[in-house]
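Take a look at the structure below.
No lab work stands behind these numbers, since they all come straight from the coordinates. Keep in mind the model is a prediction, meaning the values are calculated, not measured. For neighbour counting, all protein chains shown are included, and Cβ atoms are generated from backbone atoms with ideal geometry for every residue, glycine included.
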Amino acid sequence: MSGVMYAVDDLLQLATACFQAAGVTDEDARWTAQVLVRADLQGTATHGLSRLSAYVSGICNGKIKPQPEMKIDETGPATAVIDGDQGLGPVVGKIAMEAALDKAKVAGVGITAVRNGNHAGAMSTYTELAASRGCIGFALTNAQPAIPPWGGRKAYFGTNPIALAAPQKDGQPVSIDLATSVVARGNIIMAAKRNEPIPGGWAIDANGDPTTDAAAALKGALLPMAGPKGYSLALIVEILSGLLSGGNFGYNVGSIYDEGTAPPGTSMFFMALNPDFFIGQSIFETRVSQLAREVTSVPLASGHERIRMPGDRRQRLENERRLQGVPIASETEKELRQICKKYSITMPKSLAPKSPVAY
């Protein structure tokens, strides 16, 4: 994969301007831009600015409301159900996690279930928000059908990601963020845009046969990670997000990429745990740091150079790219230019316009 380097601030300004032009409020535009650009900073291009075109198109065709009227139903001292009113997923996700954090300050735990949401980007965004405030963050979301139940050939569950982050005494939080499919669906979308094959074992076509054709995979289904175990995890996500919130689940969850104007109606689940109500903030963070040291000092297996904690690689890339610039794939750059043209926004200059870099 290759791309052209852009300065972080330029990309943030560009994405913010695009959302503002589409009718999003300044505050929500800035936050959503941060969510997308940070995904590119951390090497998760499938959830970065490659999604900007779909978000803006979703606003234009009515799938996403640029200024939703969200409702928070305070169902108890530690719980709430939130109606996202089809707003931008990152905006809905932030409000939901912040509501959970507010409850965790008082009750030790805060849980929010969300209905009528949208694609929210990388779920680690919200768990790391919790960790930055001293809590353990847990976040789930369902999505449009992408993987079949184990033994099936038709997609029913979304890739249904699971994320958890825990603060530690020194350094960045331990941050786990994974899809319950073999790979995130964004990898298939990116391969289809490039007309490139995908590895075997990733997906099946509409007939249930293994395929390396990305376009056929999008019409078929991704495979669950670890076979029946991945299917079971996807089922857990569906129960906690779709069922508990009273929102869409299974076949009823749509996509910002689908034709038509029906909103996706994505469902989500957020939880914040306050360590002060257990063993204390400082003690907990010290124990997380101890855990990280012990895990990464385990003797290495043959062929491995080091052991990383989840989130380490993403944070290392973010630190580097904030200084050196962010690589943007040519397909994404083309989409960005089209949006800029539509809204008469000036496309920023690349840091190395004649020298694509590998990433």
> Which length gain, in nm to one decimal place, applies between ARG293 and LEU351 when the Cα-Cα distance is subtracted from 0.36 nm times their residue separation?
Replying inline: 17.1 nm
> Dipole of segment 14-157 (Lys/Arg Cβ +1, Asp/Glu Cβ -1, origin at the Cα centre): which of VAL114, THR75, SER50 lies farthest to the positive side?
Replying inline: SER50
> In the chain, with Lys and Arg counted as +1 and Asp and Glu as -1 at Cβ, which of these residues, ALA39, ALA192, ILE283, has the Cα nearest the positive end of the dipole, that is, farthest along it?
Replying inline: ALA192
> With charges only on Cβ, +1 for K and R and -1 for D and E, what is the dipole size of segment 1-105 about its Cα centre, in debye, rounded to 20?
Replying inline: 260 debye
> About the Cα centre of segment 12-171, what is the dipole size in debye to 20, counting +1 per Lys and Arg Cβ and -1 per Asp and Glu Cβ, all else neutral?
Replying inline: 460 debye
>> Suppose every Lys and Arg Cβ carries +1 and every Asp and Glu Cβ carries -1, with no other charges. What dipole size does the chain come out with about its Cα centre, to the nearest 20 debye?
In response: 540 debye
> Could you list log10 I(q)/I(0) for segment 1-138 at q = 0.14, 0.17, 0.20, 0.21 Å⁻¹, which the Debye formula gives when each Cα is one point scatterer?
Replying inline: -0.65, -0.92, -1.17, -1.24
> Suppose R0 equals 56 Å; then what is the FRET efficiency for LYS334 and ILE283 from their Cβ-Cβ distance, rounded to the nearest 0.05?
Replying inline: 0.65
> So what's the gap between the Cα centers of segment 261-278 and segment 147-219, to the nearest angstrom?
Replying inline: 21 Å
> Could you give the semi-axes, largest first, of the ellipsoid that matches segment 286-332, computed as the square roots of 5 times the alpha carbon gyration tensor eigenvalues and rounded to whole Å?
Replying inline: 29, 15, 8
>> Placing +1 on the Cβ of each Lys and Arg and -1 on the Cβ of each Asp and Glu in the chain, which of PRO263, LEU351, VAL253 has its Cα farthest towards the positive end of the resulting dipole?
In response: LEU351
>> Full-extension gain between ASN195 and THR261, please, as 0.36 nm times their residue separation minus the C-alpha to C-alpha distance.
In response: 21.1 nm
>> On a 22 Å Cα-Cα criterion, which of the cross-link pairs LYS65/LYS193; LYS63/LYS94; LYS65/LYS94; LYS63/LYS103; LYS65/LYS334; LYS219/LYS334 come out too long?
In response: LYS65/LYS193; LYS63/LYS103; LYS65/LYS334; LYS219/LYS334
